[in-house]
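Working notes for the structure below.
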Amino acid sequence: MTDSLNKSPQAPESLMHEWIIAGIVSASARFIPIPFVDDLVRDRCKRFVISRTLAKHDTDQSMKSLEPLYSGDGGCLTGCVGVVAKAPLKLLLFPIRKLVSIGTSVRGVPLEVMRMVLLGRTLDRCLRSGRFDKPGTSAADVRVAFEAAFAGMDLRVVRAAISDALAGVKDWQASATASAKTAARPIVDTANDLDVPVELDKTASQVQEALSRPGVSNLFTEFDERFDRQFG
């Protein structure tokens, strides 16, 4: 276990709020009945998380060096080739995948929110501790450790907490889906912004309050320990 990581300060509340917004928007892409939108919105939301987190640190790391953390296919060339190769099959299976995605939204939405929060939190911890300054450590290593740690987590408690928070906000799905549609539009700059209407901002605040409860926040510590063990 890495002591320097465990003793690093907590991320600002404002940054946590942005991670949650990204998670809600990413999760809401499942409600848009257009092929390939899910992956596009998810990658842009991850890019938003990485960009916002990176902006809070004085570091030599750049968006380019951290690309493995937000690129769904591991890079531009690999990604483009992969998308072209998989497109016919994904298009054929789209109706089934979409129905499954919507049908499992009760479980899938909270998990996607938590994934985005943990992604941002993990990058923040690594930047605070100087993890990337150590020889041989790359964003690809962080991604591998992150995925392994996330796969091993029992998130039933946090799923219930986020679901309860979302249930307490009227029409959150409509505002979040509208933001997801905006995120899916072609972009001409690298601002990496997300459209955040008032309703979505309120929804994120409710989720943030739920994640601050002792029984839920303990899961962050467990994830940190799992992540740190992946590095040895």
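The values are calculated or read from the model by the stated rules, or taken from the named source; none is laboratory data. Worth saying up front: this structure is predicted, and the values here are computed from it rather than measured. All Cβ positions, glycine included, derive from the backbone under ideal geometry; neighbour counts span all protein chains shown. With ligands, DNA and RNA removed, areas are computed over all heavy atoms of the protein, side chains included. Shrake-Rupley method; radii C 1.70, N 1.55, O 1.52, S 1.80 Å.
Some notes on this structure:
- Net charge dipole size for region 117-232 [Lys, Arg +1 and Asp, Glu -1 on Cβ; Debye, nearest 20]: 180 debye
- Note on Glu112: accessible area is roughly 20 Å² with a 1.4 Å probe, heavy atoms of protein only.
- Pair Ser205, Asp171: separation of 7 Å Cα→Cβ label points (nm): 1.7 nm
- Residues Arg47, Arg121, ordered by accessible area of protein heavy atoms at a 1.4 angstrom probe radius and largest first, appear as Arg47, Arg121.
- The mean of 1/r over all distinct Cα pairs in region 140-201, once inverted, gives the Kirkwood hydrodynamic radius of 14.6 Å.
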